[in-house]
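Novice: This is the structure I want to talk about, given as structure tokens.
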Amino acid sequence: MLSYILRRLLIAIPTILLIVVLSFLIITAAPGGPFDAQEGGDIDPEIIANLRAAYNLDKPISTQLFLYMKGLVTGDLGPSFAFRGRSVSEIIANGFPVSAQLGLSAIGVGLVIGMLFGVFAAMRKNTAADYAVMSLSMTGIAVPTFVTAPFLALIFGLYLKLLPIAGWGDGALRNMILPVTALALPKIGVIARITRGAMLEVSRANHIRTARSKGLPESIVIWRHTLRAALIPIVSYLGPAIAGVMTGSVIIEQIFGLPGIGRSFVEGALNRDYPVVMGITILYATLIIVLNLITDLIYRVLDPRIRKD
Amino acid sequence: MSVLVCTDLNVRFRTDYGEIQAVRDFSLTLAKGECVGVVGESGSGKSQTFMAMLGLLADNGRATGSVKLDGQEILNAPRSLLNTVRGSRVGMIFQDPMSSLTPFLKVGEQMCEGLMHHQGLSMSAARARAMEVLELVRIPDAKRRFNQYPHELSGGMKQRVMIGQAIMCKPAVLVADEPTTALDVTVQAQILEILEGLKAHTDTAIVMITHDLGVVAGICDRVQVMYAGRVVEEGPIDDIFHRTRHPYTQGLLRSVPGFELDPTQPLAAIAGQPPAPDALPPGCAFAPRCGYVTPTCATTVPPLAVRPPAQRAACVLEALP
């Protein structure tokens, strides 16, 4: 088990290196540069040249990449070009906890409600109740968050005045409810549909027929013999979904005015703020790799057949 | 004393192409400790007959008729009643041991859960019974096997566990649905020996569903032969083998390879295919494949009529040539 984890982490190192090189080349190949906005303005071209020199932008790409990697090894993600005096590490340290708290809450809510919906629908397959739950789930998936988020803010914030319209409030529950709900709705839909499909798939298996032939009550057949096998596709979905949701949602953060890293990432890309984009990309890639490892470890817990190395 | 009495069981399935009748007028009386073989090709309705009795049909299946277990009607009974019958008074073994056990639960847990549920036993009491049963089905090193997962067992072992799991509650009836089909020949023999042992040492009545007349010959007291959803011949085992009254049974017997077989002669086979259940011929379903076909066979379905001393056959011919 431990050697398996170590092996997986070792393989992760070249993967991260490859991602760093590729994303560095792609972002620097994009047209424009960090100080284009100032060029042609009333700033002295000499100052801009000095700026470019200060951030090593006058050097060839290979040297820039080398210098970036050198910093990376010591844990230095570099300075932000757009926000003078702030390092990328600082930006991530400030924004990531917000995004992570928001994202994990949304996934948690999505998982609990989605699975309950899915099991409920599977137990009543092809009935009005099943169709109702599944249509609701499809609506959750189909309506984008930039529609649901303002809608929720309008009703619960502006009309009913129950919850704050926007703001983080240091992560207070009141402030979390609306953004988490908006973020969770599509997750509930996806997880409900995956759960329903997997439950129905497993319920056709021979071992379920055996369980029924033993006269076990339906609750044991479902929770003990069916759900565990049905968890595998849910876990597969959760790995990448958690990584995605933890690295922030620009739309939610913008609408509710939350200080997450989703906004930093998009602003960084628009400003050609190379170090910010690189930093968050590396964070996302690392999360994906770690979560995929966790997913594989959970598979081994769920299905003893995968346990042998 | 009859434990199971099934009368005029009919099983129908609603499909997108209309209604299909899988079983027609099936009747069976099963005495305590008796072993009855139900023989037929794939699709003859033999498995669905018993799935219907225990309420295990697919969602689109409907059963009519009567099935009485110790005098109590169980056909189409509510699930709460069926759950006190299944696994407790009627045990079932299925064809494919590879996929018939839950892959992520330990063998012992799966064996014990039925007994614990039906009789409210503790895990340790159920475990004691499981050890007894594992010995009965001849699983060596029972303590270790108890804590293993199904994938750690061979196919033969798994089928023994299936048998063991089915007899945990000492059922009155054991339905074995092709218990040896998926196993290789030496393992088949071991499984049959275990079932013979059960028959000899317990009161459990056994229904052996199979397409293999060799299996029937070794263990059964009586046989019912099914073709296209109907019983076409039934009777004591010796009569069926030596005084065959239905051309289909005769065809089945002739297609069993034996040691005395002349290797230069091709193996006898019944020509043609069984009819699709949605396109049965108007008369006798076997008529298109029958060597003794008469003009009446194409128009009338022969009833299952008594053939003295103890047989019944559904054929216009009183005796086969």
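Coordinate-derived values only; no laboratory data. Since the model is a prediction, treat every value here as computed from it, not as a measurement. Virtual Cβ from ideal backbone geometry, glycine too; neighbours counted across all protein chains shown.
Novice: Each label point is 7 Å from the Cα along the Cα-to-Cβ direction; what then is the distance between the points at B:Asp221 and B:His242, in nm?
Specialist: Using points 7 Å along Cα→Cβ, the separation is 1.9 nm.
Novice: Can you give me the C-alpha center-to-center distance between region A:57-103 and region A:142-174, rounded to a whole angstrom?
Specialist: Between the Cα centre of region A:57-103 and that of region A:142-174, the gap is 32 Å.
Novice: Once you sort the root eigenvalues of the Cα gyration tensor of region A:35-159 as a ≥ b ≥ c, which label holds: rounded (a/c under 1.5), prolate (a/b larger than b/c) or oblate (the other case)?
Specialist: prolate
Novice: Now, a different point. Once both axes come from the Cα atoms, what is the angle between helix A:128-142 and the longest principal axis of chain A, in degrees from 0 to 90, rounded to 10?
Specialist: 10
Novice: Classify region A:139-275 as rounded, prolate or oblate, taking a ≥ b ≥ c as the square roots of the eigenvalues of its Cα gyration tensor: rounded when a/c is under 1.5, otherwise prolate if a/b is larger than b/c and oblate if not.
Specialist: Prolate, because a/c is 1.5 or more and a/b exceeds b/c.
Novice: How large is the charge dipole for chain B, taken about the Cα centre, if only the Cβ atoms of Lys, Arg (+1) and Asp, Glu (-1) carry charge, to the nearest 20 debye?
Specialist: Dipole about the Cα centre, nearest 20: 580 debye.
Novice: In peptide B:125-135, how many Cβ atoms from other protein chains are near each Cβ within 10 Å, on average?
Specialist: Mean shielding count: 0.
Novice: Then there is this: Once R0 is set to 51 Å, what does the formula 1/(1 + (r/R0)^6) return for the Cβ-Cβ distance between B:Asp184 and A:Ala142, expressed as a FRET efficiency to the nearest 0.05?
Specialist: 0.45
Novice: Suppose R0 equals 25 Å; then what is the FRET efficiency for A:Ser219 and B:Ala58 from their Cβ-Cβ distance, rounded to the nearest 0.05?
Specialist: Approximately 0.75, to the nearest 0.05.
Novice: Once you order the gyration tensor axes a ≥ b ≥ c over the Cα atoms, which shape class does region B:251-321 get: rounded for a/c under 1.5, otherwise prolate or oblate by comparing a/b with b/c? Please report the intermediate quantities before stating the final value.
Specialist: Values: a/c = 2.40, a/b = 1.41, b/c = 1.70.
Oblate shape, in that a/c is at least 1.5 and b/c is the bigger or equal ratio.
Novice: Beyond 29 Å between alpha-carbons counts as too far, so tell me which of A:Lys187/B:Lys158; A:Lys70/A:Lys187; B:Lys68/B:Lys158; A:Lys125/B:Lys158; B:Lys32/B:Lys158 fall in that bin.
Specialist: Violating the 29 Å limit, Cα to Cα: A:Lys187/B:Lys158; A:Lys70/A:Lys187; B:Lys68/B:Lys158; A:Lys125/B:Lys158.
Novice: Within the set of other residues whose C-beta is less than 13 Å from the C-beta of A:Leu178, count the net charge using Lys and Arg as +1 and Asp and Glu as -1. Could you put the intermediate results ahead of the total?
Specialist: Values: positive: A:Lys161, A:Arg174; negative: A:Glu253.
So the surrounding residues net to +1.
Novice: I want the local charge near A:Arg228. Using Cβ-Cβ distances under 15 Å, sum +1 for each Lys or Arg and -1 for each Asp or Glu among the other residues.
Specialist: Residues close to A:Arg228 contribute a combined charge of +1.
Novice: Hey, can you rank B:123-131, B:79-87 by average C-beta count inside 10 Å, highest first?
Specialist: Numbers: B:123-131: 16.7, B:79-87: 18.6.
Final packing ranking: B:79-87, B:123-131.
Novice: Turning to a different aspect of this structure: What distance in nm lies between label points placed 7 Å from Cα along the C-beta direction at A:Ser89 and A:Arg8?
Specialist: My value for the distance between the label points is 2.8 nm.
Novice: Given an 8 Å cut-off on Cα distances and at least 6 residues of separation, report the relative contact order of chain B as a percent.
Specialist: On the way: 608 pairs, mean separation 62.9, N = 321.
Relative CO of chain B lands at 20 percent.
Novice: So, one more: Nearest 10 degrees is fine. How inclined is helix A:88-123 to the longest principal axis of chain A, computing both from alpha carbons?
Specialist: Taking the Cα atoms of chain A, the angle to A:88-123 is about 20 degrees.
Novice: If r is the Cβ-Cβ distance from A:Leu25 to A:Asp296 and R0 is 22 Å, what FRET efficiency results, to the nearest 0.05?
Specialist: Step by step, r from the Cβ atoms, then E = 0.15.
Novice: Using the Cα centre as the reference, give the magnitude of the dipole from point charges on the C-beta atoms of chain A (Lys, Arg: +1; Asp, Glu: -1; all else neutral), rounded to the nearest 20 debye.
Specialist: 2000
Novice: If packing is taken as the average count of other Cβ atoms within 10 Å, what order do A:288-297, B:157-166 fall into, highest mean first?
Specialist: B:157-166, A:288-297
Novice: What is the order of B:Leu101, B:Leu317, A:Leu22, A:Leu287, fewest Cβ neighbours within 10 Å to most?
Specialist: On the way: B:Leu101 25, B:Leu317 15, A:Leu22 11, A:Leu287 19.
Lowest to highest Cβ neighbour count: A:Leu22, B:Leu317, A:Leu287, B:Leu101.
Novice: Taking each residue of B:95-106 in turn, how many C-beta atoms of other protein chains fall within 10 Å of its C-beta, and what is the average?
Specialist: Per residue, the number of nearby Cβ atoms from other chains is 5 on average.
Novice: Among A:Phe24, B:Phe50, A:Phe120, A:Phe151, which comes first, second and so on when ranked by fewest other beta-carbon atoms within 10 Å?
Specialist: If I rank by nearby Cβ atoms, fewest first, I get A:Phe151, A:Phe120, A:Phe24, B:Phe50.
Novice: When only Cα pairs under 8 Å and 6 or more residues apart are kept, what is the percent relative contact order across region A:24-130?
Specialist: About 12 percent, as a whole number.
Novice: In whole percent, what relative contact order does region B:158-262 give with Cα contacts below 8 Å and a gap of six or more residues?
Specialist: In percent, rounded to a whole number, it is 19.
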